[in-house]
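Let me begin by presenting the structure, written as structure tokens, before commenting on it.
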Amino acid sequence: MLIDTVNDIFSENGKGYPLFKDEFARIGVLENLVRLLAGAREREMPIFFCPMSYTEEDYTTWKHLSGIHQEMYEKRMFEAGSWGADFHPRLGPRPGEITIIPHKNIDVIANTDLDVQLRQHGVEYVAVAGMIGTLCVESTARSAMERGYHVTTFTDATAAIGGEEAYAEMVRRYRLISHATLDVGGFLAASGKSVRSG
């Protein structure tokens, strides 16, 4: 599953991009996500895209805003129907790939159709990548583990808020809540050639 692979995060003119550009460059996040997506397609893995978006009603009527919501709402990030909420041109779905209804909170499973979609497609093993590593990715990975999925997280297909120190702590936590924590190359090597060919 790819979380929040949208313009506001991954495009240079995105509202959230300045927060992560240095870490993206250090880790190679965009290129690793592109490689992960291409490898998953080559292996015919089911792919689930998990975008975030907010409507005008969300921005103006929510009563209890968490700290991250306050930041996003002040910048009008992930505005429904906007360029910022559209998938990055290199990280969007193709026909036949599943796009989950947009999530509003941090844990994608908690408030979307993701769990139903995974179960309807017979998915038991999930690999979680995208953004933000210390928020949506981590929360969703933990939630998937709690629901009995086998969870893989990535060291190089996400980034943390807070730079290298926060990144190191994020990876340490990933190893506690995941069944495997790999780089993209390791994941693709372990996944073999094609799901259908065995």
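Annotations for the structure displayed:
- Kirkwood radius and radius of gyration were both taken over the C-alpha atoms of region 4-45, and their ratio Rg/Rh is 1.06.
- Annotated for the chain: lysine pairs at least 8 residues apart or interchain, Cα distance under 25 Å, count 8.
- Among the chymotrypsin sites (Phe, Trp or Tyr not before Pro) within region 80-177, those in coil by DSSP and having at most 16 neighbouring Cβ atoms inside 10 Å are 83.
- The chain: antiparallel DSSP beta bridges as a percent of all, rounded to 5: 5
- Principal axis box of region 47-157, alpha-carbon based, largest edge first, Å: 38, 30, 28
- Rg and Dmax of the chain, both derived from C-alpha coordinates alone, stand at 15.9, 51 Å.
- Bins of 5 Å, starting at 0 and running to the largest distance - Cα pair percent for region 156-196: 5, 20, 23, 22, 14, 8, 5, 2, 0
- Of the solvent-accessible surface of the chain, computed with a 1.4 Å probe and all protein chains present, 50% belongs to carbon and sulfur.
The values are calculated or read from the model by the stated rules, or taken from the named source; none is laboratory data. In this text, all values refer to a predicted model and were calculated from it rather than measured experimentally. FYI the Cβ positions are ideal-geometry reconstructions off the backbone, even for glycines, and counts take in every protein chain you see. Keep in mind that these areas ignore ligands, DNA and RNA; they rest on the heavy atoms of the full protein, side chains included. Shrake-Rupley method; radii C 1.70, N 1.55, O 1.52, S 1.80 Å.
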